[in-house]
1. Inside the range 1-105, counting only strands (runs of 3 or more DSSP E) that do not spill past its ends, which hold 3 or more residues that are touching a helix residue (DSSP H, G or I) at 6+ places or on another chain (Cβ under 7 Å)?
2. In the range 123-140, what residues are under 17 Å from HIS11 (Cβ atoms), open to solvent by 20 Å² or more (accessible area, probe 1.4 Å) and more than 13 Å from the chain's Cα centre (by Cα)?
3. Exactly one of these conditions fails for GLU114: (1) assigned to a helix (DSSP H, G or I); (2) within 18 Å of the chain's Cα centre (by Cα); (3) in contact (Cβ under 8 Å) with a residue 60 or more places away in the chain. Give me its number.
4. Could you tell me which of the residues LEU148, LEU132 is among the hydrophobic types (A, V, I, L, M, F, W, C) and in contact with a Gly (Cβ under 7 Å, 6 or more places away or on another chain)?
5. Please enumerate the residues belonging to the range 141-200 that are among the charged types (D, E, K, R) and free of Cβ contacts under 8 Å to residues at least 60 places away in the same chain.
6. Taking the condition of being without any contact (Cβ under 8 Å) to a residue 12 or more places away in the chain and either open to solvent by less than 80 Å² (accessible area, probe 1.4 Å) or hydroxyl-bearing (Ser, Thr, Tyr) (or both), how many residues in the range 20-54 meet it?
7. Checking the conditions here, which among ARG162, ARG154 is surrounded by 20 or more Cβ atoms within 10 Å (Cβ to Cβ) and within 30 Å of ARG182 (Cβ to Cβ)?
8. Does any residue of the range 121-128 turn out to be in a helix (DSSP H, G or I) and under 26 Å from SER195 (Cβ atoms)?
Amino acid sequence: MIDPPNPRDNHLLAALPDAEWLRLLPQLEAVELSLGQVLYESGSRMSHVYFPTTAIVSMLYVMENGAPAEIAVVGNEGLVGVSLFMGGDSTPSRAVVQSAGLGFRLRAKVMKEEFYRAGPVMHLLLRYTQALITQMSQTAACNRHHTLDQQLCRWLLLSLDRLQSDELVMTQELIANMLGVRRGSVTEAALNLQSAGLIR
């Protein structure tokens, strides 16, 4: 028998004080997030924020020619949809599930109301947003100054930090899209890491 998903498996939800937790709990909707599912598109209006528990979501910036580049990864440590409470109903990025799993979602209206109470939820979400911006900054620096082998290591570690096992189920094509490189380059980098005994 499989245990039902627990909202407290998401670290942000687990960090809520009791009063806020009890107020939000009835509003949380359990969702299954499937591989490749698009949670929102660049420029689209967001109807929900998502709190992954076992899924991982990639935030992608999409170029004019349609080429995506990953700018951040969100798993059980955070939420998808910070633009909603930072002053916009839409976002410049696309959110795509990179590792299937479970999560919870909360209606945009409820999230905004809770944020604008200017209490513990607002402070928690602002601290998380700062951490997300730090991750984006590190990703930009890594993409500019590190080798592809190092970029792949960073990407694998970000993913493993957010999973309950040490096994990743994804294609080299997906990784190539996230890193913004050719699939053959990912194959070569993966073989280098395998030769060094770091992955298999």
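1. On the way: elements: 29-33, 38-40, 48-52, 56-62, 68-74, 93-99.
It comes to 48-52, 68-74.
2. HIS123, LEU124, LEU126, ARG127, GLN130, THR134
3. Of everything listed in (1) assigned to a helix (DSSP H, G or I); (2) within 18 Å of the chain's Cα centre (by Cα); (3) in contact (Cβ under 8 Å) with a residue 60 or more places away in the chain, GLU114 misses just condition (2).
4. Values: LEU148 fails: in contact with a Gly (Cβ under 7 Å, 6 or more places away or on another chain).
Answer to the selection: LEU132.
5. Of everything in the range 141-200, those that are among the charged types (D, E, K, R) and free of Cβ contacts under 8 Å to residues at least 60 places away in the same chain turn out to be ARG144, ASP149, ARG154, ASP166, GLU167, GLU173, ARG182, ARG183, GLU188, ARG200.
6. At the first step, the residues of the range 20-54 found to be without any contact (Cβ under 8 Å) to a residue 12 or more places away in the chain are 21-22, 26.
Okay, now just the ones that are also either open to solvent by less than 80 Å² (accessible area, probe 1.4 Å) or hydroxyl-bearing (Ser, Thr, Tyr) (or both), so 21.
Result for the range 20-54: 1.
7. Details: ARG154 fails: surrounded by 20 or more Cβ atoms within 10 Å (Cβ to Cβ).
Checking each option against the conditions leaves just ARG162.
8. no
The values are calculated or read from the model by the stated rules, or taken from the named source; none is laboratory data. Computed from a prediction, not measured in an experiment: that's the story for all the values here. Cβ sites come from the backbone with ideal geometry, for glycine too, and all protein chains shown count toward neighbours. Quick note on the areas: whole protein, heavy atoms, side chains included, nothing else; ligands and nucleic acids left out. Shrake-Rupley method; radii C 1.70, N 1.55, O 1.52, S 1.80 Å.
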